[in-house]
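What follows is a single structure, written as structure tokens, with notes after it.
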Amino acid sequence: MNKRKCAVISVVMALMLLLTCIVAYWLQRNKESVSDRINRKASETDAAEKVEAGNDTVEQDSPEETTTEEATTEDYRQICGDNILMIGSVKVELLSADVLEGDDISAETEYPVEYFKYKELPSSNMQEEILDRQAMYEESPEFEEFDKAPYDEYSYDEVIEIMDSYQYLFDKYTTTVTRPNKVYFIKCRLTNEGSATVTNTFPLEVTSVSETGELTSREDLRYFDKPIYTEGEGRSMRYFFFKLEGQESMECTIGLVVPQEFGENDHHYYGNAPEGSLGQYDPTTLPNFVDIDALPRTEK
């Protein structure tokens, strides 16, 4: 009986040893080496970075080929002419302008309305409310003190209450100004002079200069007939973006709706105002501005 019991125990132990060997062999065969694990982690990181870059960058095909460039400060006008502005490696030639005023704006049919960002024709006039803050300060030094106070000096509820108490000043010194509009439909040629694909946006602003040298700028770009973002948030946020492969050229038309800021003899320059300039710049001397009043008229 004892012999039979020992034999059974021996068989069980042998089976357990065999099972242990099989499991050990399977684990060794499927074990991931340190180098394999490092390579796998690197691949996963690269993939995650590519996904993240795809979410953050407009039309980011590959980091090596696609760039989103800032406007250069190099002056190309002596080489290319006064109708040139540069957006990174992209040369933008403003070839000619079709200028509409008054009733001609609402009557025009040559430029499809769907290429206006908001899919509607501009009006012949723009109405704007102008607040004379200096006059308010002179009448109420207390309002001036409140208006120039540090941002966090008052709570939100206090600001609302104080603003309500000065509503009579806002009503008294707010006037409505009607400004005639001009619409410049400008034919352009874009050329990517680099080898990388470029995704970027047109300048949005026009600087108006008075006869006496006063200037102001607005975002006046309203029309683009070669958009790559035409629906939803893309249209809302990136309608004036373009994309060019290396050495690729494209012709298009943009439209600027420019109100009369000072008088009938205002002069207008297309290009974004320098950052931090606070109105202290001269568009006639900066490289990336084009005098759109001096462009040849588009032949019809």
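Which ranges mark the helices (runs of 4 or more DSSP H) fully within region 126-175 that have 3 or more residues being of a type in the set (Gly, Ala, Ser) and within 30 Å of GLU101 (Cβ to Cβ)? Break it down stepwise before answering.
On the way: elements: 133-139, 141-147, 156-165, 167-173.
In region 126-175, there are no helices (runs of 4 or more DSSP H) which contain 3 or more residues that are of a type in the set (Gly, Ala, Ser) and within 30 Å of GLU101 (Cβ to Cβ).
If only residues of region 223-234 that are open to solvent by 50 Å² or more (accessible area, probe 1.4 Å) and over 14 Å from the mean Cα position of the chain (by Cα) are counted, the one that is nearest to TYR111 (Cα to Cα) is LYS226. Name the single residue that is most open to solvent (accessible area, probe 1.4 Å) among those in region 191-222 being under 11 Å from ILE87 (Cα atoms) and not in a strand (DSSP E or B). Per the stated criteria, the residue is GLU193.
A search for C-beta distances below 7 Å between a residue of region 224-235 that is within 19 Å of GLU251 (Cβ to Cβ) and touching a residue at least 40 places away in the same chain (Cβ under 8 Å) and any residue that is of a type in the set (S, T, N, Q) and outside any helix (DSSP H, G or I), counting only pairs 6+ apart in sequence or on different chains, returns ASP225/THR253. Here GLU101 fits the description: modelled with pLDDT of 95 or more, of a type in the set (Asp, Glu) and over 28 Å from ASN192 (Cα atoms).
If I go through region 100-128 residue by residue, how many of them are open to solvent by 60 Å² or more (accessible area, probe 1.4 Å) and either of a type in the set (Phe, Trp, Tyr) or more than 25 Å from TYR184 (Cβ to Cβ) (or both)? Residues that pass the stated criteria total 2.
Conditions (1) outside any helix (DSSP H, G or I); (2) hydrophobic (A, V, I, L, M, F, W, C); (3) surrounded by fewer than 17 Cβ atoms within 10 Å (Cβ to Cβ), marked per residue:
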residue	(1), (2), (3)
SER236	no, no, yes
PHE242	yes, yes, no
GLU251	yes, no, yes
VAL257	yes, yes, no
TYR269	yes, no, no
PRO283	yes, no, no
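Checked against the criterion of being farther than 17 Å from ARG218 by Cβ and of a type in the set (Gly, Ala, Ser), the candidates ALA273, ALA294 yield just one match: ALA294.
The values are calculated or read from the model by the stated rules, or taken from the named source; none is laboratory data. Since the model is a prediction, treat every value here as computed from it, not as a measurement. Positions of Cβ are generated from backbone atoms using ideal geometry, with glycine treated the same way; all protein chains shown enter the neighbour counts. To get the accessible areas, we keep the full protein, side chains included, count just its heavy atoms, and leave off ligands, DNA and RNA. Shrake-Rupley method; radii C 1.70, N 1.55, O 1.52, S 1.80 Å.
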